[in-house]
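Inspection log for the structure reproduced underneath, given as C-alpha cells.
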Amino acid sequence: MGILELIIVSLIKIIVIAVVMLLTVSYLVYFERKIAAWAQNRIGPNRVGPAGIFQPFADVLKLLLKEDIVPTAANKYMHTLAPMIALFVAFSTFAVLPIGPSFTAFGKVFSFVVADVNIGILYVLALTSVGVYAITFSGWSSGSKYSLLGGIRSSAQMISYEISMGFSVAGVILLAESLRPIAIVNAQSGWMWNIVLQPIGFITFLVSAFAETNRLPFDLPEAEPELVGGYHTEYSSMKFAAFFLSEYANMIISSALIVTLYLGGWQIPYLEMLKLPAGWVVTLQVVAFILKLIFIMFFFIWVRWSIPRFRYDQLMNIGWKVMFPLSLLNLLWVAILAMIL
Amino acid sequence: MAKKNRLKDLSFGQRIYITEILKGLRLTLKNMFLPKFTMQYPEVKFDPPASYRGRPVLAMEENGQERCVACGLCSRVCPALAIEVQAAETENEKERYPVKFEINMLRCIFCGFCEEVCPEEAILMSKDYELAFTNRADAIYGKDKLLTPVSKLQDRINFVRQFK
Ligand code: SF4
Ligand code: SF4
C-alpha cells in the first residue's frame, strides 16, 4: 500500500470508529437507564420517540442549550483542559483494538483495526493512565472541595488498581508472547480463551476494569451522596457532556479490552469445521466480537444496579491486599502454564 | 429479628464475595423480567384511596349552600397560614357564612389539620392532586374553586367519621 492509500484508509476507519463510538455511547446511556429501570421494576424512558429511542438526542440537545459556567475560583485553563483530555483519551484508545480478522478484498489486505501497533496493549495502558490526569485536573482546578475530594479519591483508586490491572495483563502477554492485540487474539484460537486458561487473571482484570472506569461498585470519585457530583461537580453544558461521554466511552473500551484479552476477541471456537466461504467467516467473527462486547457492556450495567458502593477503606483493602496478590498468583500460574504448553 | 452477620461470623464462601455477588446479580436479573409497576401517568390516572390527602375543598350542600360557618378555626390552626376566612351573617338557619374563603395553594402543605379541626365537617381533603399554576395569583383558590358538592366527597366523609 502506498502512503496516500494508507492515510485515506486510516482516515475512513477513524471516522467510522468515531461515529460508531458516539452512537454507541448515546445508546449505552439509553440502555443504562432502561436496564436500571427494568431491574427496579420500572419502564424507563419511553416518551421521546417509540419506546424512547430518541431520548439520547434529546439529552444532548438539552446539554447543548445549557449555560457553560466556570466558577470564579477555578483555574480557567485547567478547567477547560480537563474534559478535553478525558475525551481525547476515550476516543484514541480504541484505535489499537481489533474488532475482526484481516481479510483480502480487491487484491489488498484490509484489517478491522485503525492502527495495528505492535505495542498496542502498552499504548492502551499508557493512555488510560493519562486519563487519570483528566479527573485529577478537573478536581483540582474547579476550586471546590467536592471536586477536589473526588479528584484525589480517583487518582488514589486508579493508581492502586492500575497495578493489579498491569499484572493481569502481564499474564495474557506471557501466554501470547506479544504486545500486539491481533497476536493476542490469534493466540486464543479455539477454546484457548484466556478466561479458561487464567480465570483468576480474568477476575482481577475485570474488577480493576470496573475500578478504572469509575463504575459502581467503585464509583467513589463521583459518589453522589457524599460528593454531590464528584470531580465534575463544577462542570456544566458541553464540558459536563464531555466527561459523561468519556466515561461511557471508557466503558466501551474496557469491554473491548476484556473481550480482546480474555474472551478470545473475534474468535469463534470450531468455526473452521463448518468450512464456510471466507466472507462469511469474517462477517460471523465480527458479529461474534460485537456480541461479546454487548454482553460485557450489559454486565457492566447489570453489576452497577446490583451491588452497592464500597467504602473507601474497603476499596483500598481490596485493591492492595486482595487484587494485587491475586494478580501476582495468576502471573505465577501463567508462568507454570507457559512452561507446560 | 434478622440475625446480624458480622465479618467474623461469615463463612469463607461469603467472605470471598464472589458467590454473594452472583446471588445479587441473579436477583436483579430475575427482576428485569418481572411485571412493571409503572403507571403511565397522563394516560392512566391514579385513583387515590379515601385516606389520600389531596387539595382541601369546602363541602357544598345539595341546596347550594356551604356548610362552613366561618368560625375561623381552620385558618387559626393552619401551620402554613394558607387559609383566609371572612365571616358575615345570613338569614339561613346557621346564621353565619364565609363571604370570602381563600386557600393559597402555594402555601398549603396538605397536612389536613384544617379538616381535623373543623366542627362542621365543612372543609375536607379531596382526591385532587393535579395542581399546576402558571402564576401566583392563580394559586389562590377562592370559593368558586373550593366549593364541591357533598356527594363527591362522601368517600372522605366516611373515612373521617371512622378514623377521626
Ligand atoms: S391542609 Fe394544612 S396547610 Fe393546607 S390549608 Fe389545611 S391546615 Fe392549611
Ligand atoms: S371550614 Fe370549618 S373550621 Fe374553617 S371556618 Fe369553616 S367551619 Fe370553621
From the Cα gyration tensor of the stretch B:56-163, with a ≥ b ≥ c the square roots of its eigenvalues, which class applies: rounded if a/c is under 1.5, or else prolate if a/b is larger than b/c, or else oblate?
rounded
If I take every Cα pair under 8 Å that is 6 or more residues apart in the stretch B:5-107, average their sequence separation and divide by the length, what percent do I get for the relative contact order?
15
Relative contact order (%) - the stretch A:73-340, alpha-carbon pairs under 8 angstrom, separation at least six:
27
Convex hull over the Cα atoms of the stretch A:73-340, averaged projected area in nm²?
15.4
Cα→Cβ-extended label distance, 7 Å offset, between B:Gln40 and A:Lys321, nm:
5.3
Most packed first (mean Cβ within 10 Å per residue), the peptides B:130-140, A:130-140 order as A:130-140, B:130-140
Let's see if you can work this out: charge +1 on each Lys and Arg Cβ, -1 on each Asp and Glu Cβ, no other charges. What is the dipole magnitude of chain A about its Cα centre, in debye to the nearest 20?
460
With a point put 7 Å past each Cα toward its Cβ, work out how far A:Phe54 is from B:Cys111 in nm, to one decimal.
4.6
Label-point separation, B:Lys23 to A:Glu5 (7 Å along Cα→Cβ), nm
6.1
Rounded to whole angstrom, the alpha-carbon centroid of the stretch A:295-341 lies from that of the stretch A:217-291 at a distance of 17
By how many degrees, between 0 and 90 and to the nearest 10, does the Cα long axis of helix B:150-163 differ from the longest principal axis of chain B?
60
In chain A, helical segments from DSSP H whose Cα atoms cover 18 Å or more along their own axis and that average at least 0.0 on the Kyte-Doolittle scale are A:3-39, A:76-92, A:120-141, A:145-176, A:199-212, A:237-262, A:278-304, A:324-340
Helix B:18-32 against the longest principal axis of chain B: what's the angle in degrees, Cα atoms only, rounded to the nearest 10?
40
Estimate for me the total accessible surface buried between chains A and B (protein heavy atoms, probe 1.4 Å, no ligands or nucleic acids), in Å² to the nearest 100.
1500
Cα gyration tensor of the stretch A:148-286 diagonalised, 5x eigenvalues square-rooted, in angstrom largest first, produces semi-axes 36, 18, 11
Mean Cα-pair separation over length for the stretch A:43-151, i.e. relative contact order, pairs under 8 Å, 6 or more apart, %
27
Cα-based Rg / Dmax (Å) for the stretch A:246-333
17.6, 55
Can you tell which of B:Ile103, B:Pro149, B:Leu131 lies farthest toward the positive end of the dipole of the stretch B:56-163, using +1 and -1 charges on the Cβ of basic and acidic side chains (Lys, Arg; Asp, Glu)?
B:Leu131
Restricting things to alpha carbons, tell me how big the stretch A:1-65 is in terms of Rg and Dmax, in Å.
17.3, 57
Got a sec to turn the phi values of the stretch A:228-234 into Karplus ³J(HN,Hα) couplings, 6.51 cos²θ - 1.76 cosθ + 1.60 with θ = phi - 60°, whole Hz, x for Gly and Pro?
6, x, x, 4, 9, 4, 8
Given a Förster distance of 56 Å, the FRET efficiency implied by the Cβ-Cβ spacing of A:Tyr270 and B:Ala139, rounded to the nearest 0.05, works out to 0.20
Expected sort for A:181-192, B:148-159 on mean C-beta neighbours within 10 Å, highest first, is A:181-192, B:148-159
For the protein assembly as shown, what is the convex hull volume of the alpha-carbon atoms per residue, in Å³?
226
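The values are calculated or read from the model by the stated rules, or taken from the named source; none is laboratory data. It should be emphasised that the depicted structure is a prediction, and the values quoted were computed from it without experimental measurement. Neighbour counts run over all protein chains shown; Cβ positions are idealised from the backbone, glycine included. Please note that ligands, DNA and RNA were not included when accessible areas were found on the heavy atoms of the full protein model with its side chains. Shrake-Rupley method; radii C 1.70, N 1.55, O 1.52, S 1.80 Å.
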